[in-house]
Amino acid sequence: MAEYTKLEKVRLEKLRQLREMGVDPYPRRVERTHTAQEAIKEFKRIEGLEDAEPIQATLVGRLRSMRPMGKITFADIEDGTEQIQLFFRADTLGEEQLDFFNQYFDLGDFVQAKGEIFRTRSGEITLSVSSFKMISKSLSPLPAAKEEVVDGEVIKYASLADPETRYRQRYADLAVNRDVRDIFRTRTSAIRAMQSFLDGQGFLEVETPILQPIYGGAAAKPFTTHHNQLKQDLYLRISFELYLKRLLVGGFERVYEIGRDFRNEGVSFKHNPEFTQIEFYWAYADYFDIMDLTEEMVAFVVDKVVGEKKLSYQGEEISFDIPWERIELREALLDRTGIDIKAHDTGVSLANAMGDLDLEFNPEESRGKLIDDLIDSCLEPTLIQPTIIYDYPREISPLAKSKKDDPQTVERFEGFVGGMELCNAFTELNDPLDQEERFLEMGRSYEEGDEERHPMDEDYLRAMRYGMPPNGGFGMGVDRFVMLLTDKHSIREVLLFPHLREKGE
RNA sequence: GGGCGUGUAGCUCAAUGGCAGAGCAGUGGCCUUUUAAGCCAUUGGUUGUGGGUUCGAUUCCCUCCACGCUCACCA
């Protein structure tokens, strides 16, 4: 049972009185002739015209501000499009109606108001209300802030800011903070743009299983669940890769999926247990083709969403003009650290060389893991402008095809922007015997019982044995991309309902 | 999981080892073109939780909870 605050009790009493008067505070049907945006646009259109009929409009929206001044009241309502001012006047409505509004309507209530659009002395387009109606009473006061618009900039005074409340009660955050709604509009338009780009390139959007009997395609700990009737343990997918590549065996040449992955790992400003991923696979392409397409797609999306091919992220101007800088991993590391990874073909040797760097690492780690450490600490943070780093060590890339003249290196690249890894792609391994060997290698390198250990996916190997066309594949964290597009440092800002620890009530 | 930090009114924030404050919101009043409306008055608190030190703790110490930053983890 809800415990009501004093402010809520005041509103409950108003609600009770409304009902007593025969007013339904939650009516079933609503009238609306214009959105706020349409009304304003329509008014501007006819404003200067001779003998134009005044615009009659019925608007709806949430009460954001009330300014009673004796025999008149100004109020602002906001609908999904825009905010617009309402003008209540005793002369028009009668004092009784005006008092009724002032007495029983609160900030946060949804109202319906009918009247004529006009412009006030101070120049604001306003609805002069001739009749109005409660369409949903708000019982809990929103943590609404006063706002002032100065030169088009909205200045807020003491708005909801506590991150915990904002994320736990995202509905309140959204209701009160317009800029938060904009983040999610941007998010959706970025996803639409990716779809429209890939669709235009002849890719087919598909859906593959989220509940999987065997997880794979990435090194991550999965969430486990259970199907009762089938008496079968299932995993929430950690990537789409192995299913999408099965589709290439099936004869689709270009497929992509945008959806949720789940990883049972640490939560941080850039990790949420469930996150959105885009992956595409392109038959008869290699990683150089994927590099080109990646650059085009990212530029397309940035342009679509931002309006130009550059943006500002955490104070850095980032340009997405084609082509990106492309650097071989070995050279990039040599440049940043003075270490030539090619000169060190064992973990021990590389660990010795890394000893001179001011860097913490576990010298027991494998060569591949040590190279990964070097990338994370010496390379990634320096890559602000879009950069492609290519040719990775085989042992941390079990699904990528190796280079012809260098079996320890694979045809793989990662795209970095703003000091973050943005995407990961490679020429996909399509040799079933080689793939089986890689799975076995991987199995050996993990301890028995290691949760990241890959189970052998026999069905995937069977698919590959039927023949898989040569292909290139690509994966990108959509949330991280949206962080870039919206200049947010935390993944939670770009997730509508980020995961938070359960809190006892 | 480790380190650091934060938690005070519905919201944003002050303050102090000795009666816990402001602005906004709320309530009552004045006000017919305001817009962070204004003016007058006024309500509102188990200072995250549990314990300890103390004559006295919101303040000092410890436990726990949540959040933030950071490290670890993270193909």
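The values are calculated or read from the model by the stated rules, or taken from the named source; none is laboratory data. Predicted model only: the values in this text are computed from it and were never measured. As a convention, Cβ positions derive from the backbone with ideal geometry for all residues, glycine included, and neighbour counts pool all protein chains shown. Note: accessible area is taken over every heavy atom of the protein model, side chains too, but ligands, DNA and RNA are not part of it. Shrake-Rupley method; radii C 1.70, N 1.55, O 1.52, S 1.80 Å.
Only residues that are of a type outside the set (Ser, Thr, Tyr), closer than 26 Å to A:Asn177 by Cβ and not in a helix (DSSP H, G or I) were counted across segment A:37-73, and they come to 9. Give me the pairs, please: first residue somewhere in segment A:361-389 and without any contact (Cβ under 8 Å) to a residue 24 or more places away in the chain and not assigned by TED's automatic domain parsing to the domain that holds A:Met476, second residue anywhere and within 11 Å of RNA strand B (Cβ to nearest atom) and assigned to a helix (DSSP H, G or I), beta-carbon distance under 6 Å, and either six or more positions apart or on two chains. Close Cβ pairs (under 6 Å, with a partner that is within 11 Å of RNA strand B (Cβ to nearest atom) and assigned to a helix (DSSP H, G or I)) amount to A:Phe361/A:Asp373. Check A:Leu370 against each of (1) at pLDDT 90 or above; (2) open to solvent by less than 50 Å² (accessible area, probe 1.4 Å); (3) assigned to a helix (DSSP H, G or I) and name the one condition it does not meet. The single condition A:Leu370 does not satisfy is (1). Each residue in segment A:3-27 was checked for being under 40 Å from the mean Cα position of the chain (by Cα), surrounded by 15 or more Cβ atoms within 10 Å (Cβ to Cβ) and hydrophobic (A, V, I, L, M, F, W, C), and 1 of them qualify.
Any idea which of A:Gln195, A:Gln112, A:Gln103 is under 30 Å from A:Leu18 (Cβ atoms) and assigned to a helix (DSSP H, G or I)? Give the steps one after another, and end with the answer.
On the way: A:Gln195 fails: under 30 Å from A:Leu18 (Cβ atoms); A:Gln112 fails: assigned to a helix (DSSP H, G or I).
Step by step, each of A:Gln195, A:Gln112, A:Gln103 is checked, and only A:Gln103 is under 30 Å from A:Leu18 (Cβ atoms) and assigned to a helix (DSSP H, G or I).
Scanning segment A:119-140 for residues that are open to solvent by less than 20 Å² (accessible area, probe 1.4 Å), under 14 Å from A:Leu15 (Cα atoms) and in a strand (DSSP E or B) yields one hit, A:Met134.
Scanning segment A:373-385 for residues that are within 12 Å of RNA strand B (Cβ to nearest atom) and open to solvent by 50 Å² or more (accessible area, probe 1.4 Å) yields a total of 3. With respect to A:Leu63, is the statement that it is within 12 Å of RNA strand B (Cβ to nearest atom) and surrounded by fewer than 17 Cβ atoms within 10 Å (Cβ to Cβ) true? Answer is no for this residue. Can you tell me which residue is surrounded by the most Cβ atoms within 10 Å (Cβ to Cβ) among those in segment A:42-59 that are of a type in the set (A, V, I, L, M) and closer than 17 Å to A:Val129 by Cβ? Filtering first and then ranking leaves A:Leu59. Taken over segment A:156-169, the criterion of being open to solvent by 60 Å² or more (accessible area, probe 1.4 Å) and either under 16 Å from A:Arg181 (Cα atoms) or in contact with a His (Cβ under 9 Å, 6 or more places away or on another chain) (or both) is satisfied by A:Lys156, A:Ala161, A:Pro163, A:Arg168, A:Gln169. Scanning segment A:27-36 turns up at least one residue that is in a helix (DSSP H, G or I) and hydrophobic (A, V, I, L, M, F, W, C).
With A:Glu316, A:Glu308, A:Glu295 as the choices, which residue is away from RNA strand B (no atom under 16 Å from the Cβ), at negative phi and either touching a residue at least 60 places away in the same chain (Cβ under 8 Å) or of a type in the set (Gly, Ala, Ser) (or both)?
Numbers: A:Glu316 fails: away from RNA strand B (no atom under 16 Å from the Cβ); A:Glu308 fails: either touching a residue at least 60 places away in the same chain (Cβ under 8 Å) or of a type in the set (Gly, Ala, Ser) (or both).
Step by step, each of A:Glu316, A:Glu308, A:Glu295 is checked, and only A:Glu295 is away from RNA strand B (no atom under 16 Å from the Cβ), at negative phi and either touching a residue at least 60 places away in the same chain (Cβ under 8 Å) or of a type in the set (Gly, Ala, Ser) (or both).
Only residues that are buried (at least 17 other Cβ atoms within 10 Å of the Cβ) and under 21 Å from A:Ile389 (Cα atoms) were counted in segment A:337-365, giving 6.
Among the residues making up segment A:386-412, those that are over 27 Å from A:Ile322 (Cβ atoms), open to solvent by less than 60 Å² (accessible area, probe 1.4 Å), touching a helix residue (DSSP H, G or I) at 6+ places or on another chain (Cβ under 6 Å) and not in a helix (DSSP H, G or I) are A:Pro393, A:Pro398, A:Ser402.
All of (1) more than 9 Å from RNA strand B (Cβ to nearest atom); (2) touching a residue at least 60 places away in the same chain (Cβ under 8 Å); (3) closer than 21 Å to A:Arg29 by Cα hold for A:Ser131 with one exception: (2). Among the residues of segment A:198-216, those that are outside any loop (DSSP other than H, G, I, E, B) and in contact with an Asp or Glu (Cβ under 9 Å, 6 or more places away or on another chain) comprise A:Leu198, A:Asp199, A:Leu204, A:Glu205.
Listed here are the residues, each with its yes/no results for (1) open to solvent by less than 20 Å² (accessible area, probe 1.4 Å); (2) assigned to a helix (DSSP H, G or I); (3) touching a helix residue (DSSP H, G or I) at 6+ places or on another chain (Cβ under 9 Å); (4) at pLDDT below 85.
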{"residue": "A:Glu414", "(1), (2), (3), (4)": "yes, no, yes, no"}
{"residue": "A:Asn424", "(1), (2), (3), (4)": "no, no, no, no"}
{"residue": "A:Thr427", "(1), (2), (3), (4)": "yes, no, yes, no"}
{"residue": "A:Gln435", "(1), (2), (3), (4)": "yes, yes, yes, no"}
{"residue": "A:Arg438", "(1), (2), (3), (4)": "yes, yes, yes, no"}
{"residue": "A:Asp450", "(1), (2), (3), (4)": "no, no, no, yes"}
{"residue": "A:Pro455", "(1), (2), (3), (4)": "no, no, yes, yes"}
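Given (1) assigned by TED's automatic domain parsing to the domain that holds A:Arg438; (2) β-branched (Val, Ile, Thr); (3) open to solvent by 60 Å² or more (accessible area, probe 1.4 Å), identify the lone condition not met by A:Ile191. Answer for A:Ile191: the failing condition is (3). The single residue among A:Leu139, A:Leu160 that is of a type in the set (A, V, I, L, M, F, W, C) and near RNA strand B (Cβ under 7 Å from one of its atoms) turns out to be A:Leu160. Within the group A:Glu147, A:Glu116, A:Glu96, A:Glu153, which residue is in contact with a Ser or Thr (Cβ under 9 Å, 6 or more places away or on another chain), open to solvent by 50 Å² or more (accessible area, probe 1.4 Å), more than 9 Å from RNA strand B (Cβ to nearest atom) and not aliphatic (A, V, I, L, M)? Only one candidate passes the filter, namely A:Glu116.
How many residues does segment A:468-490 contain that are within 9 Å of RNA strand B (Cβ to nearest atom) and not hydroxyl-bearing (Ser, Thr, Tyr)? Break it down stepwise before answering.
The first filter runs over segment A:468-490 and keeps only residues within 9 Å of RNA strand B (Cβ to nearest atom), leaving A:475, A:489-490.
Filter once more, keeping what is not hydroxyl-bearing (Ser, Thr, Tyr): A:475, A:489.
Of the residues in segment A:468-490, 2 are within 9 Å of RNA strand B (Cβ to nearest atom) and not hydroxyl-bearing (Ser, Thr, Tyr).
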